[in-house]
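For reference, the structure discussed in these notes is given below.
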Amino acid sequence: MKILLLGSGGREHALALKLKAASTPVDLVSAPGSDALAELGTCVSLDLEDPASVAAWCTAHRPDLVVAGPELPLVGGVADAVRALGIPVFGHDAATARLEGSKAFAKDFMVRHGIPCAASHTVADLEEGEALIHRWSYGYPIVLKADGLAAGKGVVLAQNEAEALETFRAFMAGQFGDASRTVVFEEPLVGMELSLHVLVNADADRGTCALLPACQDHKRIFEGDRGPNTGGMGAFGPIPFLRPEDVARMHVELVEPTVQGLRRDGLTARGVLFLGVMWTASGPKLLEYNVRFGDPETQVLMQLLDEDLAGLLLEVAEGRLASRDVKLKPHTAIAMVLAAEDYPEGAKKGVPISIETPAATVIHAGTRKQDGQWVTNGGRVLNLAASAPDLAAARAALEAALPHVQWPGMQLRRDIGLKALAHAQAGKTVQDAW
Ligand code: AMP
Ligand code: GLY
């Protein structure tokens, strides 16, 4: 099967490793790819934000399947352009990708379809927003979200009125261009955050979905959830104290109304939806939709999946997904991010990396090969991923692998999954304070 994989990071390398590991022989082409992805196939330089250039390549090379990694090409309409050629795409149309591309659109969707979420106001006027801040009644922090894509920096939790005003004014002045000239204000939710990935098919005739195990990401750079936010420093899944009935509750309250909502709104779904969920004292609430796999959640999910990935993605791309349980290994998986010096403010590039053969999967995110030597080439450089019968054993497996990968200035969190492990060992459930 000839597959065009769009993207170049750790998520894509994890997908590529899984595609190549299955029994279906895969001829992999990555765009733009990376030196690590080049070891699994070929790379082609395409501008993913220009749907016509991707479509032109597809016309010439007729892949059997296109798999979209990141959200930006989807929001820009790459799936529409390729699907118009009759080529299956794992990835949503631009109209559906607005669920991630516009926070105001996503909030309207949640409210319209009765999906539990934070109370909110969408504002596109300076005076109206300032007045809202002055009479804010939901308590602090005030959550301000730039409507459009802002490279993961468009959400600010303002701790007081002055900070809220300053953030709002900067947004309205175009801190993220037009993306921040509409702002969603949200009530602060308190609880435990988790990442729920769902494969979804929706169209006028049918709506089906398959849940993947709930994962938990660790967003802050330092252990103990301190320091600035990052794209994610490590994840694990499934969450040991999340019971089948808890997952069923998310299915009924969040996932099912989403699938039915897509159908009712005339939207098509041919990919994954990654629901950012806050489990609050009053149950699960939806924070956001992503129209792509999470990074590093994908690195976890690919360790757990016990199916031929190419076949599964093609099923979704062709709209043939049956509502079913995806086959999984009875394991817990962890992915630990190894990040560059200066991340997340910057990233020290070109530093030689020492990689011996560790007893864990090495996934490349921001690396480059220079004269036969891997060097750092991005903020999140590598992931180490492993799975084991339980969370404690998976953590131990990664600890054992760690000494085999290093470079000067490497940053990592060794507490991935530790808080959840303590919560589980104390006999607590998802209903208990996190
Ligand atoms: P989002 O991109 O909407 O998921 O927001 C980024 C991060 O901000 C989330 O992962 C949460 O940690 C946090 N966040 C978003 N919305 C809220 C909210 N209403 N209350 C508390 N934290 C939030
Ligand atoms: N790990 C969070 C994300 O991919 O958005």
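The values are calculated or read from the model by the stated rules, or taken from the named source; none is laboratory data. Values in this document were obtained by computation on a predicted structure and should not be read as measured data. Ideal geometry is used to build each Cβ from the backbone, glycine not excepted, and the neighbour counts take in all protein chains shown. Side chains included, ligands, DNA and RNA excluded: accessible areas come from the protein's heavy atoms. Shrake-Rupley method; radii C 1.70, N 1.55, O 1.52, S 1.80 Å.
Against the test of being open to solvent by 60 Å² or more (accessible area, probe 1.4 Å) and touching a residue at least 24 places away in the same chain (Cβ under 8 Å), the options Pro389, Pro344 yield a single qualifying residue, Pro389.
Which count do you get for residues in segment 151-193 that are in a loop (DSSP other than H, G, I, E, B) and within 21 Å of Lys219 (Cβ to Cβ)?
Matching residues across segment 151-193 total 12.
Here segment 291-307 is the region considered, the condition is being assigned to a helix (DSSP H, G or I) and either open to solvent by 10 Å² or more (accessible area, probe 1.4 Å) or free of Cβ contacts under 8 Å to residues at least 24 places away in the same chain (or both), and the residue that is nearest to ligand 2 (Cβ to nearest atom) is Met302.
Considering the conditions (1) farther than 30 Å from Lys103 by Cβ; (2) surrounded by fewer than 20 Cβ atoms within 10 Å (Cβ to Cβ); (3) touching a Phe, Trp or Tyr at 6+ places or on another chain (Cβ under 9 Å), Gly276 is excluded by exactly one of them, (1). Of the candidates Ala158, Ala146, the single residue that is away from ligand 2 (no atom under 16 Å from the Cβ) and modelled with pLDDT of 95 or more is Ala158.
Arg270 meets all of the listed conditions (1) touching a helix residue (DSSP H, G or I) at 6+ places or on another chain (Cβ under 9 Å); (2) charged (D, E, K, R); (3) not in a strand (DSSP E or B) but one, namely (3).
Only one of the listed residues (His197, His218) is under 24 Å from Gly379 (Cα atoms) and either modelled with pLDDT of 95 or more or open to solvent by less than 50 Å² (accessible area, probe 1.4 Å) (or both). That residue is His218. Within segment 25-36, does at least one residue satisfy the condition of being open to solvent by 20 Å² or more (accessible area, probe 1.4 Å), out of contact with any Asp or Glu (no Cβ under 6 Å at 6 or more places or on another chain) and over 29 Å from Ala340 (Cβ atoms)? Within segment 25-36, one or more residues are open to solvent by 20 Å² or more (accessible area, probe 1.4 Å), out of contact with any Asp or Glu (no Cβ under 6 Å at 6 or more places or on another chain) and over 29 Å from Ala340 (Cβ atoms).
Residues in segment 247-273 that are under 21 Å from the mean Cα position of the chain (by Cα) and open to solvent by less than 10 Å² (accessible area, probe 1.4 Å): Met250, Leu254, Val255, Thr258, Val259, Leu262, Ala269, Gly271, Val272, Leu273.
Do you know which of the residues in segment 106-123 that are in contact (Cβ under 8 Å) with a residue 40 or more places away in the chain and in a helix (DSSP H, G or I) is nearest to Leu144 (Cα to Cα)? The qualifying residue nearest to Leu144 (Cα to Cα) is Lys107.
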